[in-house]
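See below for the structure under consideration.
Where a number appears in this text, it was derived from the coordinates with a stated rule and is not lab data. Quick caveat: nothing in here was measured; it's all calculated off a predicted structure. Virtual Cβ from ideal backbone geometry, glycine too; neighbours counted across all protein chains shown.
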Amino acid sequence: MSNTMKASLPVIRRLPRYYRYITELKNNGTTRISSSQLAHIMGSTPSQVRQDFNCFGGFGQQGVGYSVELLHSEIEKLLFPEGRLRAVLLGAGNLGITIGNFVLKENTGVELVALFDSDNASIGNKLFGMEIMAFDELISFCQNEHVEII
């Protein structure tokens, strides 16, 4: 990955799209993909895919294709070199659910670690696999859990 300085701006701009599609493939259980298959998904050419990945050191083997897990891991390191940002969501109503779905599904580089709401009927319920907490727990939670985005 020492060749990252050779990547052009168009290549860098394509990385999030590669990451989104590769994450979908990974989540669907795909383990290998060819440059032709990935090009079809991306709407480009196999040559373009190979050139893009060669800017960062390759990742594939001729005739074998690319490991989806390796591509996912390497592109994630390129996009999020310092790791994902830890975030909490304030409000677990309709807008909060929409925002939470976006954060969790679109690979934004944000890790949703907690949900807070002022509605007593919501507090204690689970959403996105997390228990909704009361706003009065927000400050101590953020301090203890090193939250970066509120």
So how strong a dipole does the range 7-85 carry about its Cα centre when Lys and Arg Cβ are +1 and Asp and Glu Cβ are -1, to the nearest 20 debye? 140
By the gyration tensor of its Cα atoms, with a ≥ b ≥ c the square roots of the eigenvalues, what is the shape of the range 97-150: rounded for a/c under 1.5, prolate for a/b over b/c, or oblate? oblate
What does the charge dipole of the chain about its Cα centre add up to, to the nearest 20 debye, if the Cβ of each Lys and Arg holds +1 and the Cβ of each Asp and Glu holds -1? 940
Not counting the cut sites, what is the longest span of the chain without GluC sites (Glu not before Pro) that DSSP labels loop and that have at most 16 other Cβ atoms within 10 Å? 1-81
Label of the coordinate-derived value, log10 I(q)/I(0) by the Debye sum over Cα atoms at q = 0.19, 0.21 Å⁻¹, listed as [x] -1.05, -1.20; [y] -1.28, -1.57; [z] -1.14, -1.36: [x]
Lys/Arg +1, Asp/Glu -1 at C-beta; the chain dipole; positive extreme among Ser73, Ile150, Leu112: Ser73
Using DSSP, restrict attention to beta bridges with both residues in the chain and report what percent are antiparallel, rounded to the nearest 5. 40
